[in-house]
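> Pasting in a structure now, in structure tokens, and then I'll have a few things to ask.
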Ligand code: CP
């Protein structure tokens, strides 16, 4: 399957390494566009992009909106909290209403795993999953992969540790699906209550402590503790979590000499990552944000069929 012939981008589980390579490769010239004084090319003139987020977002929603604008698409956002969703309008009716207004792409976030898949089956619009429950967040994983490859020169065979709340993390799942296609050695580190049972079936090794899990890794991807998805006490206290799992500069000594630290954001500073590490040059969280715009430009461009020559020069 060629990525530009897909109707939807719902996850990384079912897309190929070749498709991922096309997206990451297309993001390179997109990053050049973002660096220009005039950040505008006509590639998607006349196309419509709408973002509909049933959960809060800063990075994903704004970067999709800017990505569309930089490519000259008409972008719009449905503010769910002030929309007729609050009057009880169903997901199905909301999406049909939007579809009838004519946008080409719907970028959607929802707290229910599978909601974008349901919508994709029931609309003619192309659907991009911007995070569904605890299932997948494919564009976050793609920007993580882009950021890692930009720093390391390759993804092939890297040792990657994902640390923290794996159980509730759609970012972790999409990273695992994506990076495993590039032969990465994948580890997850966290309290056993935050590690999904059967994670080994995805080819991932689980570690209960930072000392063993971080040994020799090239990349440390630190996850947010998702208090909004934890409906019981999954670890004794924040203080104990901080003591055992907060990544600090001294932990880098366990990893490879040139190891980098990622965080999808928003960060809980002083809980899963120390401020000192978050602000060190080894932590590439700000690069991830910039790369997120480039990767989302690439995805919109490929899905909406922009002409390749229009992004050059
Ligand atoms: N990483 C991420 O999805 O951030 P937002 O929730 O701010 O979009």
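> Once the piece of chain linking residue 240 and residue 92 is laid out straight, how much longer is it, given 0.36 nm per residue of separation minus the C-alpha distance between them?
Stretched fully, the residue 240-residue 92 segment lengthens by 49.0 nm.
> Still on this model: Going by how many other beta carbons lie within 10 Å of each one, how would you line up 82, 193, fewest first?
In increasing order of surrounding Cβ atoms, one gets 82, 193.
> Could the peptides 100-108, 168-176 be put in order, highest first, of the mean number of other beta-carbon atoms found within 10 Å of their residues?
With the highest mean Cβ count within 10 Å placed first, the list reads 168-176, 100-108.
> Give me P(r) over the range 138-287, computed from all C-alpha to C-alpha distances, binned every 5 Å, as integer percentages.
With 5 Å bins starting at 0, P(r) equals 2, 10, 22, 25, 23, 13, 4, 1, 0.
> For the chain, calculate the relative contact order in percent as a whole number, restricting contacts to Cα pairs under 8 Å that are 6 or more residues apart.
Averaging sequence separation for qualifying contacts and normalising by length gives 22 percent for the chain.
> Quick check: the angle from helix 138-152's long axis to the longest principal axis of the chain, C-alpha only, nearest 10 degrees?
60
> Something else now. Given labels modelled 7 Å from the Cα in the Cβ direction, how far is it in nm from residue 275 to residue 122?
Between residue 275 and residue 122, the label points sit 4.7 nm apart.
> Here's something else I'd like to know. Would you kindly state how much longer the chain becomes between residue 35 and residue 74 on full extension, computed as 0.36 nm times their sequence separation minus their alpha carbon distance, in nm to one decimal?
Extending this stretch completely gives an extra 11.9 nm.
> So, one more: Label point 7 Å out from residue 57 along Cα-to-Cβ: which residues of the range 167-190 have amide N under 20 Å?
Only 168-178 pass the distance filter.
> Now for a separate question. What span do the alpha-carbon atoms of the range 36-87 cover on each of the three principal axes, reported in whole Å from largest to smallest?
Principal-axis extents of the Cα atoms in the range 36-87, largest first: 41, 22, 11 Å.
> Okay, next question. Roughly what would the spin-label model give for residue 14 and residue 112, points 7 Å off Cα along C-beta, in nm?
Result: 1.8 nm between the two label points.
> In deg cm²/dmol, rounded to 500, what helix-only [θ] at 222 nm does the chain give when every DSSP H run of at least 4 residues adds -39500 (n - 2.57) and the total is split over its residues?
Value at 222 nm, helices only: -10500 deg cm²/dmol.
> According to the square roots a ≥ b ≥ c of the eigenvalues of the Cα gyration tensor, what is the shape class of the range 135-212, taking rounded for a/c under 1.5, prolate for a/b larger than b/c otherwise, and oblate for the remainder?
Prolate, since a/c reaches 1.5 and a/b exceeds b/c.
> Could you state the orientation-averaged shadow area of the convex hull built on the Cα atoms of the chain, in nm² to one decimal?
Projected over every direction and averaged, the Cα hull of the chain covers 16.1 nm².
> Could I ask something else about it? Report the relative contact order of the range 56-163, percent, no decimals, based on alpha-carbon pairs under 8 angstrom and at least 6 residues apart.
17
> Let me know the whole percent of all Cα-Cα pairs from the range 116-162 that are separated by more than 18 Å.
More than 18 Å apart: 47 percent of the Cα pairs in the range 116-162.
> Compute the projected area of the convex hull of the Cα atoms of the range 212-305, averaged over all viewing directions, and report it in nm² to one decimal place.
For the range 212-305, averaging the hull's shadow over all directions gives 7.9 nm².
None of the figures in this text is laboratory data; all of them are computed from the coordinates on show. What you see is a predicted model; the values in this text were computed from it and never measured. Please note: Cβ atoms are built from the backbone with ideal geometry, for glycine as well, and neighbour counts cover all protein chains shown.
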